[in-house]
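Asker: Mind having a look at this structure? Questions to follow.
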Amino acid sequence: MSKKITPRIYKGTRDFLPEQMVKRNYVISIIKEIFERYGFEPLETPTIELWETLSGKYGEEADRLTYRFTDRGNREVGLRYDLTVPLSRVVAMYPQIPKPFKRYQIQPVWRADKPQKGRFREFYQCDVDIVGSPSMLADAEIIAIIYEVLQSLNFRQFTIRINHRKILFGITEVSGAGMEKELEVCRAIDKMDKIGMEGVKEELLKREISPEAVQRILDILSTSGDNATRLQQTAAHLQASEVGQQGIREMQELFEYLALYQIPEDFVQFDLYLSRGLDYYTGPIYETVVREPRIGSITGGGRYDNLIGLFSGQDFPATGTTIGLERIITVMEELNMFPPHLRTPVQVLVTVFDPNTLPYSIAIARELRAAGIRTDLYTGKSKLRGQFGLANDKGIPLVVIAGPDEQQANQVNIKQMETGEQITVSRENMVQTIRQLLPKIN
RNA sequence: GUGAGUGUAGCUCAGUUGGUUAGAGCACCAGGUUGUGGCCCUGGGGGUCGGGGGUUCAAGUCCCCUCACUCACCCCA
């Protein structure tokens with residue numbers, strides 16, 4: 001043997017051991033089922049994209065965080081930073097795809113970020129997008145799906161914050177801050193929940209926006225009441241902005257749809273302080289936050305009507321969201337939201353008593369597998385004691401003992417690991433008995 | 001990219017003003033138990049004290065450098 005190297009893993013990446021994979025798969029299966037139930041179709045795209053596909057789509061900050069290198073033929077390539085840009089490329093490359101195109105995509109993305117709590121360099125995103133519909137109905141579908149996914153995962157305390165890029169644009173416009181300052185204005189007011197109204201004021205002044213404009217912005221931001229009321233208050237301030245008014249009309253339409261979807265208002269909030277960093281958003285933007293634990297947003301998205309045009313020469317209206325799998329899992333772990341016993345897919349361990357009874361054990365395992373029961377046949381060297389230990393460590397709920405006595409009588413002994421109860425049944429009744437036991441355990 | 005903190009067994013950590021052979025719990029392995037896991041008892045394996053240099057009769061402990069990790073900022077899922 002050569003000298004061993006210390007096993008290490010690249011910063012910000014993780015191995016998912018079986019027990020974690022079982023939990024991840026549980027979450028993914030629920031998300032996927034809902035995506036399909038809402039009429040979305042699956043898509044996957046390559047890990048590596050040409051650099052020209054990725055660059056300049058997200059904004060300066062994101063460009064810096066995109067993994068970039070050259071291949072052996074000196075071609076400039078990169079790892080995908082999100083799933084939205086690859087989708088846009090696909091839509092432009094395959095014009096025959098019928099529109100509106102509703103696709104979902106669950107794949108890892110890479111960001112050359114410094115990792116911290118709930119933040120990784122390689123992580124999964126679950127995206128749903130609708131391409132080819134300019135209607136607020138499409139945005140409503142997206143928000144409805146966010147609501148349904150989180151409800152199904154047993155989230156009960158969350159807020160889907162909704163704002164509109166055109167309204168933010170309008171605020172900058174009527175404030176007199178100067179349109180070149182728009183991004184800075186957004187960035188400052190985005191910090192509201194962190195630094196408060198006074199902090200936002202300071203931020204704005206620091207960015208060389210005139211005190212009069214700052215005051216006007218702060219006036220517009222201070223709204224109160226339910227979503228419709230606050231939307232009206234905002235509308236009153238934006239009379240002078242054509243774009244701002246358009247944003248208001250779209251938001252009103254969106255909230256009308258959300259009412260028809262019967263999404264309770266406690267979960268959806270018109271929030272002027274939401275801005276979102278990516279450059280490509282053009283219409284409604286949304287993200288979901290949870291109060292506990294403090295982890296940032298667990299979903300994020302919005303409308304991007306001009307992005308696909310960068311690839312196709314023809315604009316396609318599009319909207320969609322990312323559901324942040326990693327953060328959802330982090331929250332579910334911290335709040336203990338996973339069902340108990342979610343440890344292994346294996347339902348039954350068939351023990352092997354000794355070489356003489358091995359054929360009997362194999363026959364039993366084959367029979368269980370044929371019946372669709374997830375069955376592990378012990379392949380190690382340990383005696384019964386060790387085999388029970390294995391079932392215990394893995395959390396396998398049932399153990400089938402097929403020793404000489406059982407073989408003699410053409411029976412098996414079934415042990416429920418949690419209670420320790422054991423019963424002997426004939427081979428004909430084995431599958432049926434196990435089928436009855438399993439639901440009680442899981 | 002900016003700032004702060006932490007590095008001792010696989011994991012969580014203890015280790016006195018610097019003082020002999022560096023400990024505990026959990027985990028792991030074996031036995032107690034040749035047809036039964038968890039609980040219990042006994043035993044065992046496992047450490048370049050992150051790495052390098054310095055001070056000292058003596059360094060896990062003090063100093064310097066370096067690396068790694070963690071947290072926060074920025075930004076984001």
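None of the figures in this text is laboratory data; all of them are computed from the coordinates on show. The structure displayed is predicted, hence computed values, not measured ones. All Cβ positions, even for glycine, are placed from backbone atoms using ideal geometry, and neighbour counts span all protein chains on display.
Asker: Grab every C-alpha pair in the stretch A:121-232, bin the distances at 5 angstrom width from 0 up to the longest one, and report whole percents.
Answerer: P(r) for the stretch A:121-232, in whole percents per bin: 2, 9, 16, 17, 15, 15, 13, 10, 3, 0.
Asker: By how many degrees, between 0 and 90 and to the nearest 10, does the Cα long axis of helix A:325-334 differ from the longest principal axis of chain A?
Answerer: With rounding to tens, the tilt is 70 degrees.
Asker: So, one more: Peptides A:419-425, A:125-131: what's the order by average Cβ count within 10 Å, highest mean first? Provide the component values of the computation, followed by the final result.
Answerer: On the way: A:419-425: 11.1, A:125-131: 23.4.
Highest to lowest by the protection proxy: A:125-131, A:419-425.
Asker: Among rounded, prolate and oblate, which fits the stretch A:183-225 when a ≥ b ≥ c are the square roots of the eigenvalues of its C-alpha gyration tensor, a/c under 1.5 means rounded, and a/b larger than b/c means prolate? List each step's numbers first, then the result.
Answerer: On the way: a/c = 1.78, a/b = 1.21, b/c = 1.47.
Note, shape of the stretch A:183-225 comes out oblate.
Asker: A:Lys166: which lysines have alpha carbons under 17 Å from its alpha carbon, excluding same-chain residues fewer than 8 sequence positions away?
Answerer: Straight-line reach from A:Lys166, under 17 Å: A:Lys181.
Asker: Among A:Arg435, A:Arg327, what is the fewest-to-most ranking by other Cβ atoms within 10 Å? Kindly include the intermediate steps, with their values, before the conclusion.
Answerer: Values: A:Arg435 13, A:Arg327 22.
Least crowded to most crowded, the residues run A:Arg435, A:Arg327.
Asker: Take A:Arg366, A:Arg111 and order them by how many other Cβ atoms sit within 10 Å, fewest up front.
Answerer: So the residues, fewest neighbours to most, are A:Arg366, A:Arg111.
Asker: Right, something else. Would you kindly derive the ³J(HN,Hα) couplings of the stretch A:400-409 from the backbone phi angles with the Karplus curve 6.51 cos²θ - 1.76 cosθ + 1.60 (θ = phi - 60°), listing them in order in whole Hz, with x for Gly and Pro?
Answerer: Once rounded to whole Hz, the list reads 9, 9, 10, x, x, 4, 5, 4, 3, 9.
Asker: Taking a quarter of the surface of the Cα convex hull of chain A, what do you get in nm²?
Answerer: Average projection, Cα convex hull of chain A: 28.9 nm².
Asker: Mind pulling the angle between the C-alpha long axis of helix A:18-37 and the longest principal axis of chain A? Nearest 10 degrees, somewhere in 0 to 90.
Answerer: Between helix and principal axis, roughly 60 degrees.
Asker: Kindly identify the stretch A:76-164 as rounded, prolate or oblate by the Cα gyration tensor criterion: order the square roots of the eigenvalues as a ≥ b ≥ c, call it rounded if a/c is under 1.5, otherwise compare a/b with b/c, prolate if a/b is larger, else oblate.
Answerer: Because a/c hits 1.5 or more and a/b fails to exceed b/c, the stretch A:76-164 counts as oblate.
Asker: Would you please classify the overall shape of the stretch A:1-109 from the alpha carbon gyration tensor, given that a ≥ b ≥ c denote the square roots of the eigenvalues, rounded means a/c under 1.5, and beyond that prolate means a/b larger than b/c while oblate covers the rest?
Answerer: It comes out oblate by the Cα gyration axes.
Asker: Right, next: As a check on your grasp of the helix formula, calculate [θ] at 222 nm for chain A: sum -39500 (n - 2.57) over DSSP H runs of n ≥ 4, divide by the residue count, round to the nearest 500.
Answerer: Calculated from helices alone, the mean residue ellipticity at 222 nm is -13000 deg cm²/dmol.
Asker: Past 32 Å, Cα to Cα, is the threshold; run A:Lys57/A:Lys206; A:Lys32/A:Lys383; A:Lys102/A:Lys206 against it and keep the listed order.
Answerer: A:Lys32/A:Lys383; A:Lys102/A:Lys206
Asker: Same structure, new question: Read phi for every residue in the stretch A:374-384 and hand back ³J(HN,Hα) as whole Hz from Karplus 6.51 cos²θ - 1.76 cosθ + 1.60, θ = phi - 60°, with x for Gly and Pro.
Answerer: For the stretch A:374-384, the Karplus-derived couplings read 6, 10, 9, 9, 5, 10, x, 9, 6, 7, 3 Hz, x marking Gly and Pro.
Asker: For A:Met417, A:Met21, what's the fewest-to-most ordering of other Cβ within 10 Å of each Cβ?
Answerer: So the residues, fewest neighbours to most, are A:Met21, A:Met417.
Asker: Hey, another quick one. What FRET efficiency, computed as 1/(1 + (r/R0)^6) with R0 = 60 Å and r the Cβ-Cβ distance, is obtained for A:Asp63 and A:Glu428, rounded to the nearest 0.05?
Answerer: Computed FRET efficiency for A:Asp63 and A:Glu428 comes out at 0.35.
Asker: Between the helical axis of A:427-441 and the dominant principal axis of chain A, each derived from Cα atoms, what acute angle in degrees is found, rounded to the nearest 10?
Answerer: With both axes taken from Cα atoms, the answer is about 30 degrees.
Asker: Cross-link partners among aspartates and glutamates for A:Lys11, C-alpha distance below 13 Å, same-chain residues fewer than 8 apart left out?
Answerer: A:Asp113, A:Glu122
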